[in-house]
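Notes follow once the structure below has been shown.
None of the figures in this text is laboratory data; all of them are computed from the coordinates on show. Small disclaimer: the values here were computed from a predicted structure and weren't measured. Because the Cβ atoms are built from the backbone with ideal geometry, glycine has one as well, and the counts that use them run over all protein chains shown.
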Ligand SMILES: NS(=O)(=O)c1c(F)cccc1F
Ligand SMILES: [Zn+2]
């Protein structure tokens, strides 16, 4: 029971007991109320530069709360838009819901959830490495991409084909084929929302500049279901992994900026 942060005790609503920052001023995820976002022409004037390479994904691991494709970041950098520095790609993972449920994403848009949400995690190269950056106010930049049900996404399918090789927490396999995470960007990645927030799992460090893509990525209903074939530990033993998302928390004194009008 202890091991699973979503299922032990009261789950996310109890995280503040061990991590008081859970009730902090710049927590994530949040609901994106599109009536209250503010277009910032500076974001449009200095477009986000997202660079990925074919050789940047080394391995995939079952972290016990998601899958994680890990990178050495070679040739994979993020800059521009809201960022004052160059950030290097470190890993991507996802969060998703349960069968026949509409929840699953962490961020919501006008109160609406998507079935899943992908996070591409980058760290600020002004720091020595990810570990040094992870708890600094400008330490991380995470690109969030919503998944919606639609046509199959063969690229993501190649990553999902590896899930059967990482059945338990800590299991890890090398990725011996080329996979460019740029495949996971929506067709239009110009339009995004950005705000200052946090990690969405403990330790919930308030270190993330969030860049939430407005356009979702289409994956098939079967691919959403395959996410749940990953396994994790629960109070009743090992079972399928799902509902590994933190629901939105109060925006407090923040404005979410939009790169589009
Ligand atoms: N989910 S998230 O993207 O905010 C995230 C990270 F980027 C890194 C570590 C923990 C974590 F929760
Ligand atoms: Zn995440």
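Kindly indicate whether residue 123 is in contact with a helix residue (DSSP H, G or I) (Cβ under 8 Å, 6 or more places away or on another chain), more than 18 Å from residue 208 (Cα to Cα) and within 16 Å of ligand 2 (Cβ to nearest atom). So that I can check it myself, show each step before the final result.
Working: in contact with a helix residue (DSSP H, G or I) (Cβ under 8 Å, 6 or more places away or on another chain): yes; more than 18 Å from residue 208 (Cα to Cα): no; within 16 Å of ligand 2 (Cβ to nearest atom): yes.
Here the answer is no, as residue 123 does not meet what is asked.
For residue 244, work out the one condition from (1) in contact with a strand residue (DSSP E or B) (Cβ under 9 Å, 6 or more places away or on another chain); (2) away from ligand 2 (no atom under 16 Å from the Cβ); (3) in a loop (DSSP other than H, G, I, E, B) it doesn't fulfil.
Evaluating residue 244 over (1) in contact with a strand residue (DSSP E or B) (Cβ under 9 Å, 6 or more places away or on another chain); (2) away from ligand 2 (no atom under 16 Å from the Cβ); (3) in a loop (DSSP other than H, G, I, E, B) leaves (2) as the failure.
Evaluate the following for residue 139: is it in contact (Cβ under 8 Å) with a residue 12 or more places away in the chain, closer than 23 Å to residue 113 by Cα and touching a helix residue (DSSP H, G or I) at 6+ places or on another chain (Cβ under 9 Å)?
Values: in contact (Cβ under 8 Å) with a residue 12 or more places away in the chain: yes; closer than 23 Å to residue 113 by Cα: no; touching a helix residue (DSSP H, G or I) at 6+ places or on another chain (Cβ under 9 Å): yes.
It is false that residue 139 is in contact (Cβ under 8 Å) with a residue 12 or more places away in the chain, closer than 23 Å to residue 113 by Cα and touching a helix residue (DSSP H, G or I) at 6+ places or on another chain (Cβ under 9 Å).
Go through the range 89-108 residue by residue and tally those that are under 15 Å from the mean Cα position of the chain (by Cα) and farther than 18 Å from residue 6 by Cβ.
Qualifying residue count, the range 89-108: 4.
Of everything in the range 135-148 that's surrounded by fewer than 19 Cβ atoms within 10 Å (Cβ to Cβ) and assigned to a loop (DSSP other than H, G, I, E, B), which residue is nearest to ligand 2 (Cβ to nearest atom)? Even if it seems obvious, please write down each step before you answer.
Pass one, the range 135-148, residues surrounded by fewer than 19 Cβ atoms within 10 Å (Cβ to Cβ): 135-138, 148.
Pick out the ones that are also assigned to a loop (DSSP other than H, G, I, E, B) and you get 135-138.
Numbers: 135: 16, 136: 18, 137: 19, 138: 18 Å.
Going through the qualifying residues, I end up with 135.
Looking at the structure I just gave you, is residue 86 without any contact (Cβ under 8 Å) to a residue 60 or more places away in the chain and away from ligand 1 (no atom under 16 Å from the Cβ)? Before you say what the answer is, go through the steps one by one.
On the way: without any contact (Cβ under 8 Å) to a residue 60 or more places away in the chain: yes; away from ligand 1 (no atom under 16 Å from the Cβ): yes.
Spelling it out, residue 86 is indeed without any contact (Cβ under 8 Å) to a residue 60 or more places away in the chain and away from ligand 1 (no atom under 16 Å from the Cβ).
Give the residue that is nearest to residue 210 (Cα to Cα), with candidates limited to residues of the range 13-30 that are within 16 Å of ligand 2 (Cβ to nearest atom) and either part of a helix (DSSP H, G or I) or touching a helix residue (DSSP H, G or I) at 6+ places or on another chain (Cβ under 9 Å) (or both).
27
Please name all residue pairs, on different chains or six or more residues apart, with Cβ atoms under 8 Å, provided the first residue is in the range 192-211 and is at positive phi and the second residue is crowded, with 21+ Cβ neighbours inside 10 Å.
204/15; 204/27; 204/198
What are the residues in the range 195-229 that are farther than 20 Å from residue 91 by Cβ and within 16 Å of ligand 1 (Cβ to nearest atom), if any?
Of everything in the range 195-229, those that are farther than 20 Å from residue 91 by Cβ and within 16 Å of ligand 1 (Cβ to nearest atom) turn out to be 195, 196.
Looking only at the range 74-102, how many residues end up being more than 15 Å from residue 194 (Cα to Cα), out of contact with any strand residue (DSSP E or B) (no Cβ under 6 Å at 6 or more places or on another chain) and crowded, with 18+ Cβ neighbours inside 10 Å?
Here the count works out to 1.
The rows are residues; the columns are (1) closer than 24 Å to residue 218 by Cβ; (2) assigned to a loop (DSSP other than H, G, I, E, B).
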| residue | (1), (2) |
| --- | --- |
| 57 | yes, yes |
| 68 | yes, no |
| 74 | no, yes |
| 90 | no, no |
| 100 | yes, yes |
| 103 | yes, yes |
| 118 | yes, no |
| 121 | yes, no |
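If you go through the range 189-224 one residue at a time, how many are farther than 29 Å from residue 14 by Cβ and not in a strand (DSSP E or B)?
Counting residues in the range 189-224 that are farther than 29 Å from residue 14 by Cβ and not in a strand (DSSP E or B) gives 10.
Here are some residues: 111, 64. Which one is surrounded by 16 or more Cβ atoms within 10 Å (Cβ to Cβ), over 18 Å from residue 183 (Cα atoms), more than 12 Å from the chain's Cα centre (by Cα) and touching a residue at least 12 places away in the same chain (Cβ under 8 Å)?
Details: 111 fails: surrounded by 16 or more Cβ atoms within 10 Å (Cβ to Cβ).
Exactly one residue qualifies, and that residue is 64.
What do you reckon, is residue 174 more than 17 Å from residue 94 (Cα to Cα), in contact (Cβ under 8 Å) with a residue 40 or more places away in the chain, touching a strand residue (DSSP E or B) at 6+ places or on another chain (Cβ under 7 Å) and more than 16 Å from ligand 1 (Cβ to nearest atom)? Don't jump to the end; show me each part of the working.
Values: more than 17 Å from residue 94 (Cα to Cα): yes; in contact (Cβ under 8 Å) with a residue 40 or more places away in the chain: yes; touching a strand residue (DSSP E or B) at 6+ places or on another chain (Cβ under 7 Å): yes; more than 16 Å from ligand 1 (Cβ to nearest atom): yes.
Criteria met by residue 174.
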